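S.K.: Dropping the structure in here first, questions after.
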Amino acid sequence: MESPHFNPIAINGDFVYVTNTPSSTVDVIDKNTEKIVERIHVGIDPVSIAVRPDGKEVWVSNHVSDSVSVIDTDPKSPTFHVVIATIQEFDSSGATKFDEPVGIAFASNSKAYVALSSENIIAVIDVKTRRITDRLKLKSQDPRAIRVRDDKLY
C-alpha cells in the first residue's frame with residue numbers, strides 16, 4: 001500500500017510542525033534552536049498538516065482515527081500548542097462518515113477542505129463550527145493531495 005502522507009511538515013512563525021506518525025503526535029520544533037519544544041498528542045496515524053491562513057491554528061489529519069485534530073498556535077492564547085477541537089462525523093449506527101482523512105487545504109480562515117481518501121470525497125468544513133457543510137464527490141480514486149488557489153479547489 002502506498003503511504004497516505006501528503007504534507008507531513010508545516011512552518012508557522014518560529015515553529016516547524018511535524019507529524020510523528022509512529023508516536024501519534026505532532027512534534028513542534030523551534031526554528032532557531034532546531035530542538036523539539038513540544039510533543040502534542042493527536043489521533044492515530046497523523047499524516048498531513050496545514051496552517052490556517054491567519055496562523056492561529058494547525059490542522060492535522062489522523063488517517064486511522066478518522067479525524068482532524070485542531071491545534072491552537074496563537075502564542076497569546078492560554079491553550080497555545082494544545083488540541084482544542086477534534087473534527088469527526090458518524091452515522092446513526094456509530095460508523096464513521098469521515099473515513100481516512102489525508103490532505104487539508106484552506107480556502108480562507110472560515111472554510112477548509114479535507115480529502116477523505118477511502119470515500120473519494122472532499123469534505124467542506126466550516127472552520128468556526130468545525131462541521132462538515134458539504135461533500136464533493138470525486139470521480140478519481142483515493143484523493144490525498146489537494147490545494148486551493150484563488151478560491152478554487154485543485
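S.K.: Here are the criteria: (1) in a strand (DSSP E or B); (2) of a type outside the set (S, T, Y); (3) modelled with pLDDT of 95 or more; (4) touching a Phe, Trp or Tyr at 6+ places or on another chain (Cβ under 7 Å). Tell me which single one V47 does not satisfy.
M.R.: Result: V47 passes all but (3).
S.K.: Continuing with the same structure: State whether one or more residues within segment 125-134 are over 22 Å from P8 (Cβ atoms) and among the hydrophobic types (A, V, I, L, M, F, W, C). Talk me through it step by step, then tell me what you get.
M.R.: First pass over segment 125-134, keeping only residues over 22 Å from P8 (Cβ atoms): 126, 128-134.
If we keep only those that are among the hydrophobic types (A, V, I, L, M, F, W, C) too, we end up with 132.
Yes, the conditions are met somewhere in segment 125-134.
S.K.: Also, I was wondering about something else. When you scan segment 7-28, how many residues do you find that are open to solvent by 40 Å² or more (accessible area, probe 1.4 Å) and at positive phi?
M.R.: 1
S.K.: Counting only residues that are assigned to a strand (DSSP E or B), more than 16 Å from I49 (Cα to Cα) and at pLDDT below 80, how many does segment 136-154 have? Reasoning before the result, please.
M.R.: Residues of segment 136-154 assigned to a strand (DSSP E or B): 136-137, 148-149, 152-153.
If we keep only those that are more than 16 Å from I49 (Cα to Cα) too, we end up with 136-137, 149, 152-153.
Within this subset, residues satisfying the condition of being at pLDDT below 80 are 149, 152-153.
Qualifying residue count for the region: 3.
S.K.: Starting from segment 30-50, take each residue that is free of Cβ contacts under 8 Å to residues at least 60 places away in the same chain and on the phi > 0 side of the Ramachandran plot and list its partners that are open to solvent by less than 80 Å² (accessible area, probe 1.4 Å) and assigned to a loop (DSSP other than H, G, I, E, B), counting only C-beta distances under 9 angstrom and pairs at least six apart or across chains.
M.R.: Within 9 Å, the pairs are D45/P4; D45/S24; D45/H63; D45/S65.
S.K.: Conditions: (1) open to solvent by 30 Å² or more (accessible area, probe 1.4 Å); (2) under 20 Å from L136 (Cα atoms). S117 meets all but one. Number of the miss?
M.R.: Among (1) open to solvent by 30 Å² or more (accessible area, probe 1.4 Å); (2) under 20 Å from L136 (Cα atoms), the lone unmet condition for S117 is (1).
S.K.: A follow-up question, please. Give the residues of segment 30-64 that are among the hydroxyl-bearing types (S, T, Y) and either closer than 14 Å to A85 by Cβ or open to solvent by 30 Å² or more (accessible area, probe 1.4 Å) (or both), sorted by residue number. Outline the logic, then answer.
M.R.: Start the filter on segment 30-64 by keeping residues that are among the hydroxyl-bearing types (S, T, Y), which leaves 33, 48, 61.
Correct list: T33, S61.
S.K.: Take the residues in segment 82-103 that are open to solvent by 10 Å² or more (accessible area, probe 1.4 Å) and of a type in the set (A, V, I, L, M, F, W, C), then tell me which one is farthest from K139 (Cα to Cα).
M.R.: Step one: filter segment 82-103 for residues open to solvent by 10 Å² or more (accessible area, probe 1.4 Å), giving 82-86, 88-97, 99-100.
Checking which are of a type in the set (A, V, I, L, M, F, W, C) leaves us with 82-85, 90, 95.
On the way: V82: 37, V83: 33, I84: 34, A85: 31, F90: 23, A95: 23 Å.
This residue is V82.
S.K.: Could I ask something else about it? Out of curiosity, is T133 open to solvent by 40 Å² or more (accessible area, probe 1.4 Å) and modelled with pLDDT of 95 or more? Reasoning before the result, please.
M.R.: On the way: open to solvent by 40 Å² or more (accessible area, probe 1.4 Å): yes; modelled with pLDDT of 95 or more: yes.
So T133 passes the test.
The values are calculated or read from the model by the stated rules, or taken from the named source; none is laboratory data. Bear in mind that the values here come from a model prediction, so they are computed numbers and not experimental data. Here the Cβ is made from the backbone with ideal geometry for all residues, glycine too, and neighbour counts use every protein chain on show. Surface areas here come from the heavy atoms of the whole protein model, side chains and all, with no ligands, DNA or RNA. Shrake-Rupley method; radii C 1.70, N 1.55, O 1.52, S 1.80 Å.
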